[in-house]
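Heads up, the thing below is written out as structure tokens.
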């Protein structure tokens, strides 16, 4: 059984607020919270009431990543890889979700907590946010996409500065390096995240979802493969009711009413 206190969720006007709720452990991810969080994102994919997600943390931290207790045992390498894959699966599920996901980074993000944030579509940081890349201090490297995702997001030169430079990044430095979309006053964080979703909700849901997947794909494929994937997506969208509604609305100079069909 998962501990329900490890995660809090509320759904309001299509926005699912997901709050990591282990403030005494800086919202570290133990196996129970990890499984519960994966279930939330899996369920959100098929729930028509969920139009978008905000991911944040309670207390002073966004997430300190994997709970250190999981490393305090002797691991067989193959067993560790299988165990680690489950956390990678969670992080990747955010990128695969064909709905908008906004990270509201309220404080410290490190380890897998950073990977959770970087996998979100938008990353809005409180002025209290901090990014720590200290895996080397425990003889590790950023994993679960930590190196690869960072390079694709900010480029190799800045990724080197961040990972190899050894400095912690406050909110303004994270913005300068391209890790976050924008920095806002701490008390306005969730309002800003909700406003971002309200703007996104003006778009056709299927078009948004496919654009999200195509952008992720485009970072890994050649031009011809990307063009082919775009053509396939467009051929699916051209037959949707939302596309037809969008064209009608444009001709009638009114705001479209999308239904996700």
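The values are calculated or read from the model by the stated rules, or taken from the named source; none is laboratory data. Nothing here was measured: the structure is a model prediction, and the numbers come from that model. Don't worry about glycine lacking a Cβ; one is built from the backbone with ideal geometry, like all the others, and counts go over all protein chains shown.
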Q.
Looking at the structure I just gave you, is residue 129 touching a strand residue (DSSP E or B) at 6+ places or on another chain (Cβ under 7 Å) and modelled with pLDDT under 90?
A. no
Q: Would you mention how many residues in the range 72-97 are part of a helix (DSSP H, G or I) and over 21 Å from residue 37 (Cβ atoms)?
A: 3
Q.
Can you pull out every residue in the range 51-66 that is over 11 Å from residue 17 (Cα atoms) and in a strand (DSSP E or B)?
A. 61, 62, 63, 66
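Would you point out which residue out of 231, 218, 225 is surrounded by 13 or more Cβ atoms within 10 Å (Cβ to Cβ), more than 16 Å from the chain's Cα centre (by Cα) and not assigned by TED's automatic domain parsing to the domain that holds residue 94?
Going through 231, 218, 225 in turn, just one is surrounded by 13 or more Cβ atoms within 10 Å (Cβ to Cβ), more than 16 Å from the chain's Cα centre (by Cα) and not assigned by TED's automatic domain parsing to the domain that holds residue 94: 218.
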Q) If only one of 150, 169 is modelled with pLDDT under 95, touching a strand residue (DSSP E or B) at 6+ places or on another chain (Cβ under 9 Å), closer than 29 Å to residue 85 by Cα and surrounded by 16 or more Cβ atoms within 10 Å (Cβ to Cβ), which one is it? A) 169
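Each row is one residue, and each column tells you yes or no for (1) touching a strand residue (DSSP E or B) at 6+ places or on another chain (Cβ under 7 Å); (2) part of a loop (DSSP other than H, G, I, E, B); (3) more than 22 Å from residue 17 (Cα to Cα); (4) touching a residue at least 24 places away in the same chain (Cβ under 8 Å).
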position: 189; (1), (2), (3), (4): yes, no, no, yes
position: 198; (1), (2), (3), (4): no, no, no, no
position: 208; (1), (2), (3), (4): no, no, no, yes
position: 214; (1), (2), (3), (4): no, no, yes, no
position: 226; (1), (2), (3), (4): no, no, yes, no
position: 234; (1), (2), (3), (4): no, no, yes, no
position: 258; (1), (2), (3), (4): no, yes, yes, yes
Q.
Quick check on my filter: what residues within the range 22-50 are touching a helix residue (DSSP H, G or I) at 6+ places or on another chain (Cβ under 8 Å) and within 14 Å of residue 108 (Cα to Cα)?
A. 22, 27, 28, 29
Q: Take the residues in the range 118-136 that are free of Cβ contacts under 8 Å to residues at least 60 places away in the same chain and either in a helix (DSSP H, G or I) or under 9 Å from the mean Cα position of the chain (by Cα) (or both), then tell me which one is surrounded by the fewest Cβ atoms within 10 Å (Cβ to Cβ).
A: 136
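Results for (1) out of contact with any strand residue (DSSP E or B) (no Cβ under 9 Å at 6 or more places or on another chain); (2) in contact (Cβ under 8 Å) with a residue 24 or more places away in the chain; (3) assigned to a strand (DSSP E or B); (4) more than 27 Å from residue 84 (Cα to Cα), shown as yes or no for each residue.
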site: 10; (1), (2), (3), (4): no, no, yes, yes
site: 34; (1), (2), (3), (4): no, yes, no, no
site: 40; (1), (2), (3), (4): no, yes, no, no
site: 45; (1), (2), (3), (4): yes, yes, no, no
site: 49; (1), (2), (3), (4): no, yes, no, yes
